[in-house]
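Right, one structure below, let's go through it.
The values are calculated or read from the model by the stated rules, or taken from the named source; none is laboratory data. Model, not experiment: these values are computed from the prediction. Cβ sites come from the backbone with ideal geometry, for glycine too, and all protein chains shown count toward neighbours. Side chains included, ligands, DNA and RNA excluded: accessible areas come from the protein's heavy atoms. Shrake-Rupley method; radii C 1.70, N 1.55, O 1.52, S 1.80 Å.
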Amino acid sequence: KTRADLIDHVFFYGAPGDYPVVGDWNGDGTHTIAVFRDGVWHRDTDGDGKWSKADVKANFGRKGDLPVVGDFNGDGVDDLGIYRDGKWMIDTNGNGKIDAEDRVFELGGPGDVPIVGDWDGDGTSEPGIYRDAAPAAAGPIAQAPAK
């Protein structure tokens, strides 16, 4: 369905030092904003561009982690995730907490930048990394884990 409000928007959401992220937090097909601050996610689930009672806060990660977002389980709702020096933790059960049911795997290492995309067009997000000026002697970057 075409949206009538397709204009540029300016949001004042978060604070200096926050990581801005976007995702489809409720499965409606529209991405809305969020911020990640020292392990705490603040998601604008109602899409109004401001923090309100309808929005969701989750403690998933810690200071120093990098946020990653994608639909890693293919259910149409973007999942929270963190990257910690090559270790990925994905909240695949959607409870906003790090627990034994979450997907955890290694890809990359310290200094790498995590990236997420649907690289094969199957509707499910896959992890990747960006490595700046990797030396030729380092060999190929590790492959993503099998699903």
**Request:** Please identify the pairs in which a residue from the stretch 94-113 that is among the β-branched types (Val, Ile, Thr) has its Cβ atom under 9 Å from the Cβ atom of a residue that is open to solvent by less than 70 Å² (accessible area, probe 1.4 Å) and in a loop (DSSP other than H, G, I, E, B), counting only partners at least 6 apart or on another chain.
**Result:** 98/60; 98/61; 98/91
**Qualifying residue in the stretch 8-18 (condition: under 25 Å from residue 129 (Cβ atoms), touching a residue at least 40 places away in the same chain (Cβ under 8 Å) and open to solvent by 70 Å² or more (accessible area, probe 1.4 Å))** = no
**Residues of the stretch 129-146 satisfying the condition of being more than 16 Å from the chain's Cα centre (by Cα), of a type outside the set (A, V, I, L, M, F, W, C) and at pLDDT 60 or above** = 131, 132, 145
**Prompt:** Does any residue in the stretch 26-39 that is free of Cβ contacts under 8 Å to residues at least 60 places away in the same chain and farther than 20 Å from residue 12 by Cβ come within less than 9 Å, Cβ to Cβ, of a residue that is of a type in the set (A, V, I, L, M, F, W, C) and buried (at least 16 other Cβ atoms within 10 Å of the Cβ) six or more places away or on a different chain, and which pairs are these?
**Reply:** 39/60; 39/82
**Prompt:** List the pairs whose first member sits in the stretch 55-68 and is farther than 13 Å from residue 42 by Cβ and among the basic types (Lys, Arg), whose second member is modelled with pLDDT of 95 or more and open to solvent by 30 Å² or more (accessible area, probe 1.4 Å), and whose Cβ atoms are under 9 Å apart, counting only residues at least 6 apart or on separate chains?
**Reply:** 62/38; 62/84; 63/37; 63/38
